[in-house]
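Worksheet: one structure, shown below.
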Amino acid sequence: MPPPIDIKRFEQLKAVGDLPSPRGVAIAIIRLTQSADVSMAELARVIKSDPAFVGRLIKAANGLVAESRRAVVSVQEALMVLGLPAVRTLALGFSLLSNYRKGACEGFDYGRFWSSSLLMALSMQALVQRVRVVPADEAFSLGLLARVGELALATLYPADFSRLLKEVARSPQLRQLDLEQTAFAMTHCELGAAMLIDWGVPTQLVNPVLCFERPELADFAEGSREAGLVQCLVLSRAIAQLCLAPESEQARLMPAMLQLAGRLGLARGDFVSLCERIAREWGEWGKLLQIGTARAPAFRQPVCSGRDGVEACGERGGSDHDPAGQRHAGVDRRG
């Protein structure tokens, strides 16, 4: 597994004060949920002071309840469905989304980053409801924040990270993580994992985030929760890349994504239905969060097959910040 970031280096970055961090009501929510004797009534009162978060919290809760159950309509009900750890992480994630929609990093597509992160959140939630490696409420937050290290690099080093992303766009053979290590003595995976730990996310959830963009380096025991999380994160990233790819690229990307789903034991028909659900929710959440979305791929159409098709989808690199959208892959080899 890749080594974690040097803790002294991370503390230095924190001390500067430029790392993405929650603001406003989110800070109060996070502090309350960390208290051992917090009352649901007090937490609900604080949450209700932020109408935007109320809507997002209730929608997140309704994404977890069975269709046969009555819909969640109140903050109190949402708190019961989600639990305090999920509420804390959702407050954190949605605060970052609200406050870091744009920035000084010219080469970093902030809108695309958040749309991709939303897709990963929805994909993680849907996948773990099938494979059950972690609770679905935790999975949504994990998907939303899995690549927060990229946002951090764009915030800390806007000019340098912009140049790096443009270099990656010009040279498909380069790996973004390698360039980050050279330029910043850390990767966005390492930085993001350190931020999640600092925010109180459990280590067993953070370790898969540290290595899912280089799954070949993961050394978790087969069948373990961490190994399953890595697979879910890799597949969630592939779903996000496919949904954001130009229509002309989608058929090429589909086989690798289906191959990843097969490794998780998902039958093609079930997985296609799952992807169609994710796409619908992506549009709904996009309107709620004011995030740009795109027309969903035709998941049920025939796709390329055979060795060449799989290689085309699985072996080429891809970047979510490629403005031309020309290089997307089921597994992004460059990070």
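Worth a mention:
- Farthest toward the positive end of the dipole of the chain, out of His188, Gln250, Phe161, is the Cα of Gln250, where the dipole comes from beta carbon charges about the Cα centre.
- Only Cα pairs under 8 Å and 6+ residues apart enter the sum, and on that basis the relative contact order of the chain stands at 19 percent.
- Span-like helix check, the chain: qualifying full DSSP H segments, with Cα axial length of 20 Å or more and mean Kyte-Doolittle of 0.0 or more, are 84-99, 110-131, 225-244.
- Segment 92-192, relative contact order in percent, only Cα pairs under 8 angstrom and at least six apart counted: 29 percent
- Here Lys48 is the anchor, and the lysines within straight C-alpha reach of less than 18 Å, apart from those fewer than 8 places off in the same chain, are Lys59.
- Considering only Val72, Val38, Val168, the mean-square fluctuation computed in a Gaussian network model of the chain, springs between alpha carbons under 10 angstrom, is largest for Val38.
- Pairwise centroid distance, computed over Cα atoms, of segment 149-193 with segment 232-297, Å: 25 Å
- Extension gain, Glu216 back to Ala15 (0.36 nm per residue minus Cα-Cα distance, nm): 69.0 nm
- Placing +1 on the Cβ of every Lys and Arg and -1 on the Cβ of every Asp and Glu, with no other charges, gives segment 83-142 a dipole of roughly 80 debye about its Cα centre.
- Highest mobility in the GNM of the chain, judged by mean-square fluctuation with C-alpha springs under 10 Å and restricted to Ser123, Ser236, Ser171, is found for Ser171.
- For segment 211-286, the convex hull drawn through the C-alpha positions has a volume of 106 cubic angstrom per residue.
- Cα-based Kirkwood hydrodynamic radius, the chain, one decimal, Å: 20.1 Å
- Rg over Rh for segment 15-71 works out to 1.08, using Cα positions for both radii and the Kirkwood form for Rh.
- Taking every C-alpha pair closer than 8 Å and separated by at least 6 residues, the mean separation divided by the residue count of segment 15-120 gives a relative contact order of 32 percent.
- Using distinct alpha-carbon pairs, which all enter the 1/r mean, Kirkwood radius of segment 133-231 in Å: 14.3 Å
- For the chain, a Gaussian network of Cα nodes joined below 10 Å ranks Gly103, Gly269, Gly192 by mean-square fluctuation, and the top entry is Gly269.
- For the chain, the solvent-accessible area of protein heavy atoms averages 43 Å² per residue (probe radius 1.4 Å; ligands and nucleic acids excluded).
- C-alpha center-to-center spacing [segment 99-124, segment 53-75] in angstrom: 24 Å
- Computed helical MRE - 222 nm, the chain, DSSP H runs ≥ 4 contributing -39500 (n - 2.57), nearest 500: -20000 deg cm²/dmol
- Heavy-atom accessible surface of segment 165-308: percent carbon and sulfur, 1.4 Å: 48 percent
- Accessible area of Asp18 in the full protein assembly, 1.4 Å probe (Å², nearest 10): 80 Å²
- Summing +1 for each Lys or Arg and -1 for each Asp or Glu among the other residues whose beta-carbon sits under 14 angstrom from that of Asp137 gives +2.
- Histogram of C-alpha separations across segment 52-150, 10 Å bin width, %: 16, 46, 29, 8, 1
The values are calculated or read from the model by the stated rules, or taken from the named source; none is laboratory data. Every value quoted in this text rests on a predicted model; they were computed, and no experiment measured them. Cβ sites come from the backbone with ideal geometry, for glycine too, and all protein chains shown count toward neighbours. The area values use the complete protein model at the heavy-atom level, side chains included, leaving out ligands, DNA and RNA. Shrake-Rupley method; radii C 1.70, N 1.55, O 1.52, S 1.80 Å.
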